[in-house]
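Working notes for the structure below.
The values are calculated or read from the model by the stated rules, or taken from the named source; none is laboratory data. This structure is a prediction, so every number in the text was calculated from the model and none was measured. FYI the Cβ positions are ideal-geometry reconstructions off the backbone, even for glycines, and counts take in every protein chain you see. The accessibility values were calculated without ligands, DNA or RNA, using every heavy atom of the protein model including side chains. Shrake-Rupley method; radii C 1.70, N 1.55, O 1.52, S 1.80 Å.
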Amino acid sequence: MPDVTHATRQQNRKCYLAHISKWLLTTAALGEETLASASSSSDSDTGGASPPPRKKHRASAAEGAGEPGASSGTVGLSAVVLGLATSPHPPGPPPAIPFNRTIVNNISSNIMQANGAGQVPDSELSCLNSAQNGESSSSSGAHSNGLISTANNGNTVSTNNGESAGVASGTLAASASGLDISSTMKKKKRLSQSEEDVIRLIGQHLHGLGLHQTVDLLMQESGCRLEHPAATKFRNHVMEGEWDKAESDLNELKALMHSPSAIVRMKFLLLQQKYLEYLEDGKVLEALQVLRGELTPLKYNTERIHVLSGYLMCSHAEDLRAKAEWEGKGTGSRSRLLDKLQTYLPPSVMLPPRRLQTLLRQAVELQRDRCLYHNTKLDSSLDSVSLLLDHVCSRKQFPCYTQQILTEHCNEVWFCKFSNDGTKLATGSKDTTVIIWQVDPDTHQLKLLKTLEGHAYGVSYLAWSPDDTYLIACGPDDCSELWLWNVQTGELRTKMSQSHEDSLTSVAWNPDAKRFVTGGQRGQFYQCDLDGNLLDSWEGVRVQCLWCLSDGRTVLASDTHQRIRGYNFEDLTDRNIVQEDHPIMSFTVSKNGRLALLNVATQGVHLWDLQDRVLVRKYQGVTQGFYTIHSCFGGHNEDFIASGSEDHKVYIWHKRSELPIAELTGHTRTVNCVSWNPALPGLMASASDDGTVRVWGPAPFLDTQDLDGLNESCCSMDS
């Protein structure tokens, strides 16, 4: 006959273990809650029933210790989880036990295994239900004191309040062993050279912001070094004005330098600062001793030493600072001195000044340079851009949209040109008139200002004087006359014609605005003053197009031999600069005089380097026959090129890209000339045989949505 007492104890134990298992799983689902808060929740669920006495629980455990089928480790685990302790708990709320999901899962798994099955039987569920209904249960409020104290196989575990508790072998011990292994595997990762460089750059930047403690923590945690200790000592001595110590530091730095001979230059800079500070403080004798006894014996930069000696005559500190172009003794001048000294030290010893800002600025400038539509003024300050986003310009911000169509001419429009200050536009037509247009600075709309009449053969070329006071108009091939107009008054100052056999089809102003050169394809090449008086001439040159360089002496002329030559009117010399294989119909030169843009018959638009005398690039897309078509540089920094075309379009290229970035349509016949406003980079004009002048600008009604979401973004260029 079975032992009723033993069977009852076994049933109670199963209920007890099932209750613990469910409670553990519930606790694991609670996430970040502590076991102490879970215990309080359990007390509330049971209707506030007081926990059974610990003495009774310990007796039950003792009774079951020797029973068959009982797990020796299970009771120990239960005691650990439920927080049983031998010492009485002090009054007040129970201390919280930190929640450890790993331990909970391990214990729950062991309990289920000790119970002999992976599921809780129905009888055990009924026991759980009775416990939840407020019936007395050995598990109710089991961890109310938050302490753990149960011996098992001699294993102990520490709790938050310093108490020790027994842990069943193979459960918590295994978990603790797993944690030790995990921590052992977490070895410090060795940083790569680039990672160390980044940490040093960040540290230098933070140091410059005054976050010194943050830098110390960063260097300590990463194991990096912001700079060599000898460099740190040297920096401190320079900033504190301890010149003798700083000079002594140079001996230590000498071994770390790639070029030890630079020590002399560094020493010279130190002594120069020392000398100037002595002078500013009125210590003339000490300054004289530095000059004679320390600077001069270096035998370096004697010319500078002579200049320094002259500062001895300065009567006061302000006079010294003005003559030496030096801001005076203090942090500012010493910081600038350090910047100069650093250039002689390798970056592994001392980082270049503000290195992170320099790299970021270079990155921003590179993105702008590669942006096909960037057409705004370059700002070197990082505060003007967001470092969180790549630089993007929309095509809608570019002058690709017709803003205005000027229809006042009644025949083909052969030429257009903005004034140098960008406030006016001059257009010349086959209808024998020149129209001056005023550009509204706010709306960028053009209004008719003056009409200049009387050009019997029509107007095929216009040239503004450098000060925009005068405008010269030339006619087509069979025209022997030239008109010089006063733009402000609208009066004709000079009508020049040297010979009826002349062909004055091109003109260029000298930079002094007092002379100009003109010529044509019949072999005449003249230099004249404002009254049309002949100053010099060059015979036998059939000129297609002219340009005066900024030196005031050299005139570039394209001729009928498919070349551009340079002519010097002072020493009467000439030289070949550009040689093409096809006729050069027209050309223009960049503001700096370095690049020339050529429209070459049947070839299109070519870019030449006048200094190196090499062809830089051939631009694709344009249709160029034997019509005279005029192209231009434009945009900020003249980064863009625009040209008319015989296919009725205006083509725009980025200077470094052979393929066009825009093809502007609207004209119905050949586009003869394009002019980009030099003051308003978003404004451009084109003249066509269709009798109209089109004014191009950004897309109308630009808003934030257009700029953010529409049209092309910037692309990097392969060419």
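Answer yes or no as to whether P476 is closer than 27 Å to V650 by Cβ and open to solvent by 70 Å² or more (accessible area, probe 1.4 Å).
On the way: closer than 27 Å to V650 by Cβ: yes; open to solvent by 70 Å² or more (accessible area, probe 1.4 Å): no.
Criteria not met by P476.
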Only one of these conditions is not met by R361: (1) among the basic types (K, R); (2) open to solvent by 40 Å² or more (accessible area, probe 1.4 Å); (3) within 30 Å of A685 (Cα to Cα). Which number is it?
(3)
Sole miss for V238 among (1) assigned to a helix (DSSP H, G or I); (2) in contact (Cβ under 8 Å) with a residue 60 or more places away in the chain; (3) in contact with a Phe, Trp or Tyr (Cβ under 8 Å, 6 or more places away or on another chain); (4) open to solvent by less than 30 Å² (accessible area, probe 1.4 Å) is condition (3)
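I'd like to check something: does the stretch 625-639 contain any residue that is hydrophobic (A, V, I, L, M, F, W, C) and within 16 Å of N375 (Cβ to Cβ)? Can you show your working first?
Restricting attention to the stretch 625-639, the residues satisfying the condition of being hydrophobic (A, V, I, L, M, F, W, C) are 626, 629, 632-633.
Subsequent filtering for residues that are within 16 Å of N375 (Cβ to Cβ) retains 632-633.
Checked against the condition, which is being hydrophobic (A, V, I, L, M, F, W, C) and within 16 Å of N375 (Cβ to Cβ), the stretch 625-639 yields at least one hit.
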Being open to solvent by 60 Å² or more (accessible area, probe 1.4 Å) and within 27 Å of the chain's Cα centre (by Cα): is that true of R594 here?
no
Just the residues that are in contact with a Leu (Cβ under 9 Å, 6 or more places away or on another chain) and either open to solvent by less than 50 Å² (accessible area, probe 1.4 Å) or acidic (D, E) (or both), please, taken from the stretch 198-212.
I199, R200, L201, G203, Q204, L206
Residue list for the stretch 370-383, filter: open to solvent by 70 Å² or more (accessible area, probe 1.4 Å) and modelled with pLDDT of 80 or more:
R370
Which residues, counting only those in the stretch 389-411, are under 30 Å from N486 (Cβ atoms) and either open to solvent by less than 30 Å² (accessible area, probe 1.4 Å) or assigned to a strand (DSSP E or B) (or both)?
Q403, Q404, I405, L406, H409
With the checklist (1) hydroxyl-bearing (S, T, Y); (2) closer than 24 Å to S261 by Cβ; (3) touching a helix residue (DSSP H, G or I) at 6+ places or on another chain (Cβ under 6 Å) in hand, flag the one item Y373 doesn't pass.
(2)
Would you pick out the residues in the stretch 544-563 that are within 41 Å of the chain's Cα centre (by Cα) and surrounded by 14 or more Cβ atoms within 10 Å (Cβ to Cβ)?
W547, C548, L549, L556
Selection status of D383, in contact with a Ser or Thr (Cβ under 9 Å, 6 or more places away or on another chain), within 30 Å of H207 (Cα to Cα) and among the acidic types (D, E)
no
What residue, among those in the stretch 515-528 that are farther than 18 Å from W483 by Cβ and assigned to a loop (DSSP other than H, G, I, E, B), is most open to solvent (accessible area, probe 1.4 Å)?
R522
Criterion violated by G454 - all others in (1) within 17 Å of T427 (Cα to Cα); (2) modelled with pLDDT of 95 or more; (3) in contact with a Ser or Thr (Cβ under 9 Å, 6 or more places away or on another chain) satisfied:
(2)
For V215, state whether it is open to solvent by less than 30 Å² (accessible area, probe 1.4 Å), touching a His at 6+ places or on another chain (Cβ under 6 Å) and at pLDDT 90 or above.
yes
Name every residue in the stretch 525-555 that is within 24 Å of V614 (Cβ to Cβ), among the polar types (S, T, N, Q) and in contact (Cβ under 8 Å) with a residue 40 or more places away in the chain, in order of residue number.
Q544, S550
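Of the residues S309, S386, which single one is exposed (fewer than 15 other Cβ atoms within 10 Å of the Cβ) and either assigned to a helix (DSSP H, G or I) or under 14 Å from the mean Cα position of the chain (by Cα) (or both)?
Numbers: S309 fails: exposed (fewer than 15 other Cβ atoms within 10 Å of the Cβ).
Within the list S309, S386, the selection yields S386.
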Per the filter on the stretch 327-358, residues assigned to a loop (DSSP other than H, G, I, E, B), open to solvent by 70 Å² or more (accessible area, probe 1.4 Å) and of a type outside the set (S, T, Y) are E327, K329, P347, R354
